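Beneath this line is the structure, given in structure tokens, with notes to follow.
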Amino acid sequence: MPLSLEAWNPDYALLQVEFDQGEPLEGVDTSIELPWKPLEPAKVPWPTLYLVDGRQRIDAILADERGHRALLVTVAAGALVRDQVSIRLFGEPWVRRILLRTAGFSAQEFALGSMNYRAKEVEAGDLRTLVQTVNPLMRALEAELATTLPGALVILDGPIYAPEGRAPGARVMGYAKTMWQRYLPKDQESILSELRPATRTPLFFIPKSARRKLDLFSWYLRLPFEPSLPFHSAASLLRAEVVAGDIESARKLADLSVDIFATMASSPVRDPRAPQNLVPVGGLEALIGRHMGQKELVRRKIVQALSGGAT
């Protein structure tokens, strides 16, 4: 039996693709950009663009005298700007420290010197549900930061997220590095194996749902990845998306994205999540991490504060 290797380092415990399992998402429309065949867009000058990413960390799990649980959470988001001059950090990363508590938890805040964890109450019956609310907090912070960036093109490391009452702009593009969901109908899915590096699929429409609050235009593209063997054929796929609107505008962004992502793709030598974890984003992650504070140092301060009875 011939075998192939998933490209990502197994430390991340993420399979890159599961197109051979499960059913495709219902309501996907592949008729909006025909014919249905791989596309190789011409290169065009890049506009000024921003790359936005976030990080999250659970610093501690707390329990009060009645056994109610809470989390001390740090979420952060930052942006790089890429223009005709250079690529550089755009302002200081945003860092928020949160005491994520259920209604029964007694403490209202956790003060740790200059690091003050502000309380946020959530509906959660158990610790697992409480933990699942952390990622949306980070995604909401990324989305909030994106709304402050002046014009140009904003690229989010992750699918587009829309907090309540805040719609993303038409020039916001998200991308998914991992492929847990099958989107394309089976008859159209074979196009993925036909994509060569720096080519994309036509646009397809993804309807909003209970989990996904927006109608989207999406497309797959293949990144350059050397060596291509012995890796799985889907190891270099990336899926991008924009909010559904004007088809021609979406088509131009899709064409532009192919050159942007192919140029910024990482390699296994540089990043264990290659090629989807873009080189500049890998650097941005490290910068954000430094602003969050060293995990071990923060943990030590929390232990010291609790030992002294200071909350």
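General remarks:
- If the condition is being within 16 Å of Y50 (Cα to Cα) and β-branched (V, I, T), then region 259-296 contributes I260, T263, V279, V281, I288.
- Residue count, region 184-214 (criterion: within 19 Å of the chain's Cα centre (by Cα) and at pLDDT 95 or above): 1
- Just one of the listed residues (A70, A13) is crowded, with 17+ Cβ neighbours inside 10 Å and at pLDDT below 95, namely A70.
- Members of region 152-197 that are of a type in the set (F, W, Y) and either buried (at least 17 other Cβ atoms within 10 Å of the Cβ) or more than 20 Å from D29 (Cα to Cα) (or both): Y161, Y175, Y183
- Residues considered: A286, A305, A274, A240. Of these, the only one that is under 18 Å from the mean Cα position of the chain (by Cα), among the small types (G, A, S) and surrounded by fewer than 18 Cβ atoms within 10 Å (Cβ to Cβ) is A286.
To keep it simple, each residue is scored yes or no on (1) β-branched (V, I, T); (2) within 30 Å of A152 (Cβ to Cβ); (3) loosely packed, with under 11 Cβ neighbours inside 10 Å; (4) at pLDDT 85 or above.
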| position | (1), (2), (3), (4) |
| --- | --- |
| N9 | no, no, no, no |
| F19 | no, no, no, no |
| K43 | no, yes, no, yes |
| T48 | yes, yes, no, yes |
| V52 | yes, yes, no, yes |
| I58 | yes, no, no, yes |
| I61 | yes, no, no, yes |
| R66 | no, no, yes, yes |
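- Hits in region 137-160 - residues which are over 10 Å from the mean Cα position of the chain (by Cα) and part of a loop (DSSP other than H, G, I, E, B): T148, L149, P150, G151, A152
- Some residue of region 144-163 being over 22 Å from R82 (Cβ atoms) and at pLDDT below 85: yes
- Residues in region 141-165 that are out of contact with any Lys or Arg (no Cβ under 8 Å at 6 or more places or on another chain) and either of a type in the set (A, V, I, L, M) or farther than 29 Å from M264 by Cα (or both): L145, A146, L149, I155, L156, I160, E164, G165.
- Selected residue (criterion: farthest from Q181 (Cα to Cα)) from residues of region 23-63 that are touching a residue at least 40 places away in the same chain (Cβ under 8 Å) and among the polar types (S, T, N, Q): T48
- Residue in region 86-108 that is touching a strand residue (DSSP E or B) at 6+ places or on another chain (Cβ under 9 Å), among the aromatic types (F, W, Y) and at pLDDT below 90 present: yes
- Matching entry among K120, K43 (being of a type outside the set (A, V, I, L, M, F, W, C) and out of contact with any strand residue (DSSP E or B) (no Cβ under 9 Å at 6 or more places or on another chain)): K43
The values are calculated or read from the model by the stated rules, or taken from the named source; none is laboratory data. Fair warning: this is a prediction, and the values are worked out from it, not measured in the lab. Every residue, glycine as well, gets a Cβ built from its backbone with ideal geometry; the counts of neighbours run over all protein chains shown.
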